[in-house]
Structure formats: structure tokens, C-alpha cells
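Take a look at the structure set out below.
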């Protein structure tokens with residue numbers, strides 16, 4: 001999941017949790033409602049200074065908007081480990097198939 005998508009999901013969650021609407025978001029950020037709607041729908045990202053304002057308004061640390069949920073973190077770590085292992089295996093196979101050093105014992 002890319003950063004913009006994650007930011008959008010967290011922003012929506014925090015707004016819903018606090019019962020806040022897009023119009024209120026626009027008013028706090030001093031932007032047009034259409035601009036705030038772009039942020040909420042993940043089509044644009046608010047500038048850094050506005051992200052700080054939103055974090056204060058939503059009563060969270062700015063980093064909280066970007067942090068992964070704890071229940072997802074273990075899965076992300078496991079996927080990263082599997083990806084690393086897959087990459088290592090692919091490199092060894094590539095060496096073997098391309099006449100490189102004998103990697104059969106490494107698999």
C-alpha cells in the first residue's frame with residue numbers, strides 16, 4: 001500500500017472516530033472544500049504544514065497518521081522477510097542457470 005493510500009485511510013478513520021466532516025477539515029486547513037475532498041479521497045496530499053495542523057485538530061501526533069496499525073505490522077514484517085528470502089533464492093538460481101558458481105547446495 002503506498003503512502004498516499006495509507007494516509008487517506010488513516011485520515012478517514014480519524015475523522016470518523018471524531019465525527020468530523022470534509023467541510024470542517026477544509027475550514028480548519030483554510031482551503032476550499034474541493035481541496036479537502038481531494039485529500040480525503042487520496043487524489044492529493046496536503047502540504048507538510050497542513051498535515052501538522054490536521055494532526056493537532058485530530059488530536060494525534062503527526063506520525064500517527066502515517067503509522068501502520070499494530071495488527072498489520074507483524075504481517076508486513078513477515079512479508080518483508082519472505083520477499084528478502086525470495087530475492088536471495090532468485091539470485092542463486094540466476095547464477096546457477098547462467099553458468100555461475102554451483103549454487104545447488106545453497107538452495
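The values are calculated or read from the model by the stated rules, or taken from the named source; none is laboratory data. None of the values given here were measured: they were computed from a predicted structure. Every residue, glycine among them, receives a Cβ derived from its backbone with ideal geometry; neighbour counts consider all protein chains shown.
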> When you go through 91, 84 one by one, which is the residue that is surrounded by 12 or more Cβ atoms within 10 Å (Cβ to Cβ), more than 13 Å from residue 11 (Cβ to Cβ), at pLDDT 85 or above and over 14 Å from the mean Cα position of the chain (by Cα)?
Replying inline: 91
>> Looking only at residues that are free of Cβ contacts under 8 Å to residues at least 12 places away in the same chain and over 28 Å from residue 80 (Cβ atoms) in segment 1-20, which one is farthest from the chain's Cα centre (by Cα)?
In response: 19
> Residues of segment 21-39 being in contact (Cβ under 8 Å) with a residue 24 or more places away in the chain and crowded, with 17+ Cβ neighbours inside 10 Å, which ones?
Replying inline: 25, 29, 39
